[in-house]
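Asks: I am attaching a structure below and will ask some questions about it afterwards.
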Amino acid sequence: MALISTTQLSRYIFAAMLTSLLCFPVAAQTKFVVWPKEPGRRIRPAGTPGGQSNALAQFDSFEIEEILVEGKPITIGQPFNATDDWLNDITIRIKNISQQKFAAIQMTLVLPEIKFGPDIPVHYPWTGEQHGFGPGDEVELKTIHSDKFYDWVKTSISEKAPLSTITTAQIRDTLAVLSDGSSWLSECVKTANPLNACPRSGAP
C-alpha cells in the first residue's frame, strides 16, 4: 500500500474543508433599525418640565410610509438581512399629511453598540434640484451618497469595532425645517404602518 505524504494529506484535508464550506451557505447577517428606548427623555417636548420650546412629542405633520435598506423594505424593530455596507444605503419615504410646507428634513441614526460612533444622517433634500415639499407630497430621505463620507464612517467604526459586528442603527432624532425657516425637533415620527410606530409615552 502506497503511503500518503504529509503534504498530500494536508491537501486532502484542505480540499475536504473547502468542499464542506461551499456546501453550506454563509449565514445571513441580521440587522435592526430601532427607535430610542425612551422617547421624550433626552429631548423633552415643549410644555413638559425642562422641555425645549421647539421640541415635539412626535411629528404628526408628516409620516413614515416605508423604510428601505439596500432597496428592500424593513420594519422598525424587526430583524432583516443586509451586507456589511448597509449603513450606506438607507432610504426613508415620508409623506406630508399637513398643510405646512417643509424645506428640509433629517433623521439622524446612531450606533448604540459602540460609544461615540459616527452619526448617520438620512436627509432631504439630497440634490440641488429639490426645493422642499408641500401638502400631500411624498419624498425620500437618503443617506449621503459620498465615498469620502462613507469612508470616514467606516474608519470611525473600525477604530472601535469591526464593521461586520454593527447590527443596529437607532433613530436618535428628526429635525424638520419649515419653509419660513423655523425648525422643530422630535425623537418620534408618525408612521403609516402601526408595526413601525414609535413607543412614545402616552402613544395610542
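Asks: If we sort 97-104, 169-176 on the protection proxy, mean other Cβ atoms within 10 Å, highest first, what's the order?
Replies: Numbers: 97-104: 16.0, 169-176: 20.8.
In decreasing order of mean packing, 97-104, 169-176 become 169-176, 97-104.
Asks: Amide H to amide H, which residues 5 or more places from LEU109 or on other chains are under 5 Å from it, using H placed in the peptide plane?
Replies: Correct list: ILE120, VAL122, ARG172.
Asks: Can you list the HN-Hα couplings for region 47-59, worked out from phi with the Karplus curve (6.51, -1.76, 1.60; θ = phi - 60°), rounded to whole Hz and with x for Gly and Pro?
Replies: Couplings: x, 10, x, x, x, 8, 5, 10, 9, 10, 5, 6, 6 Hz.
Asks: Taking R0 as 35 Å, what FRET efficiency do you get between THR48 and TRP126 from their Cβ-Cβ distance, rounded to the nearest 0.05? Provide the component values of the computation, followed by the final result.
Replies: Values: r = 33 Å, r/R0 = 0.95.
For R0 = 35 Å, the calculated efficiency reads 0.60.
Asks: Also: If you only keep lysine pairs separated by 8 or more in sequence, or across chains, how many in region 27-196 come under 20 Å at the Cα atoms?
Replies: Taking region 27-196 as the scope, the lysine pair count is 18.
Asks: Would you mind computing, in nm to one decimal, how far apart the modelled labels at LYS160 and ASN193 are, each placed 7 Å from Cα along Cα→Cβ?
Replies: 2.8 nm
Asks: Estimate the FRET efficiency between LYS101 and GLU70 by the formula 1/(1 + (r/R0)^6), using the beta-carbon distance for r and 30 Å for R0, to the nearest 0.05.
Replies: Taking R0 as 30 Å, the efficiency between LYS101 and GLU70 is 0.45.
Asks: Same structure, new question: Rounded, prolate or oblate, given the Cα gyration tensor of region 35-139, with a/c below 1.5 counting as rounded?
Replies: Working: a/c = 1.78, a/b = 1.09, b/c = 1.63.
It is oblate, given that a/c is not under 1.5 and a/b is not larger than b/c.
Asks: With +1 on each Lys and Arg Cβ and -1 on each Asp and Glu Cβ, and nothing else charged, work out how big the dipole of region 46-204 is about its Cα centre, in Debye to the nearest 20.
Replies: On the way: 12 positive and 20 negative charges, 71 e Å.
Approximately 340 debye in magnitude.
Only the coordinates and a few stated rules stand behind these numbers; no lab work does. All figures in this text were calculated on a predicted structure; none of them were measured in a lab. Positions of Cβ are backbone-derived with ideal geometry, glycine not excepted, and every protein chain shown enters the neighbour counts.
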